[in-house]
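Every number in this text was worked out from the coordinates using simple rules, so none of it is lab data. Since this is a predicted model, take the numbers as computed values, not measurements. Neighbour counts are summed over all protein chains in view; Cβ atoms, including those assigned to glycine, are modelled from backbone coordinates with ideal geometry.
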Amino acid sequence: MARSAAQPGPAGGDAAPDGPDPRRWQALAVCLVAGFMTLLDVSIVNVALPSIREGLNTPESDLQWVLSGYALAFGLFLIPAGRLGDARGRRAVFMAGLALFTLASAACGAAQSSLWLVIARLVQGIAGGLISPQISALIQQMFSGRERGRAFGMFGTVVGISTAVGPLLGGLLIQAAGPEHGWRWVFYVNLPLGVVCLLLAHRLLPDTPSATRVRPRDLDPFGVLLLGTGVLALLLPFVQAQQWPGNTKWLLLVLAAALLTAFVAWESRCTGGRVQPVLDLSLFRLRSYWL
């Protein structure tokens with residue numbers, strides 16, 4: 001999981017010499033707008049599905065992937081992206097994810113086939129998964145004490161608002177642009193926000209102090225593989241419940257149980273060793289952590 005530092009450094013620096021960065025609230029605003037974009041795309045597409053079906057002649061199975069493929073890719077990359085931010089720097093990973101998200105949004109809006117749209121949505125979900133854990137880590141890095149609680153409270157509010165306004169905003173965009181091409185603007189709306197956030201992120205976000213970074217050779221790629229395939233096997237039967245007939249799909253739950261059990265065993269073995277585990281299982285012994 002992403003580590004936190006007590007104080008932020010200036011953009012591009014390693015440490016803050018004179019206390020909290022005075023631009024931390026501006027930097028938080030950049031993070032919140034980026035978080036709003038990634039979470040908005042979970043719900044805004046719901047109202048666009050009929051327009052997508054008509055505009056691209058999309059089969060029902062592909063529509064399901066347009067909707068759930070984003071959330072699946074998003075969830076799969078959350079924990080690995082947090083560790084990547086620990087190693088490569090949270091600002092760098094945040095900006096890479098934001099650039100990829102903006103490009104993927106453009107690709108979604110320009111899609112000429114359902115396959116094109118599904119692939120672009122999966123890439124968009126991966127990008128969202130890269131961004132989200134960096135926001136939490138940056139809040140911990142930039143704020144402390146009561147300010148940190150306030151910042152996390154604002155992030156929680158943005159999560160709720162983005163989920164709630166998605167269908168409303170999507171409906172307004174489709175109505176304004178017309179049912180044939182209105183669905184494209186559901187994705188194009190991310191472009192100006194993404195470009196502005198990217199420019200401001202480079203200027204305002206603090207870099208991760210070198211002393212707190214994880215060395216890349218100490219990361220746990222095998223743990224990431226076990227966790228990723230386990231979560232995929234767990235979620236896929238539910239994502240494809242309607243498009244995958246019969247009961248054979250539920251056998252993936254057995255595979256998921258085996259992979260996640262192997263993940264727990266592997267992470268227990270890594271704890272206290274040279275390789276840093278993807279997930280520190282000792283945290284679950286703390287009642288305040290898992291409640």
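Give the shape of the range 22-155 as rounded, prolate or oblate, defined through the alpha-carbon gyration tensor: a ≥ b ≥ c are the square roots of its eigenvalues, a/c under 1.5 means rounded, and otherwise the shape is prolate if a/b is larger than b/c and oblate if not.
Numbers: a/c = 2.68, a/b = 2.20, b/c = 1.22.
In terms of gyration-tensor shape, prolate.
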In nm, to one decimal, how far is the residue 254 label point from the residue 195 one, both placed 7 Å along Cα→Cβ? 5.4
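Is the shape of the range 46-97 best called rounded, prolate or oblate, per the rule: a/c under 1.5 gives rounded, else a/b larger than b/c gives prolate, else oblate, with a ≥ b ≥ c the square roots of the Cα gyration tensor eigenvalues? Please report the intermediate quantities before stating the final value.
Working: a/c = 4.75, a/b = 2.93, b/c = 1.62.
Since a/c reaches 1.5 and a/b is larger than b/c, the shape of the range 46-97 is classed as prolate.
Report the convex hull volume per residue for the range 118-195, counting only C-alpha atoms, in Å³. Working shown, then result.
Details: hull volume 8.4 nm³, N = 78.
Measuring per residue, one finds 107 Å³ for the Cα hull of the range 118-195.
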Net length gained if the chain between residue 146 and residue 46 were fully extended (0.36 nm per residue, minus Cα distance): 32.3 nm
Would you mind getting me the FRET efficiency between residue 210 and residue 157? Use the beta-carbon distance for r and R0 = 41 Å, nearest 0.05. 0.80
What length, rounded to one decimal in nm, is gained on full extension from residue 26 through to residue 88, with 0.36 nm per residue of separation minus their alpha-carbon distance? 20.0 nm
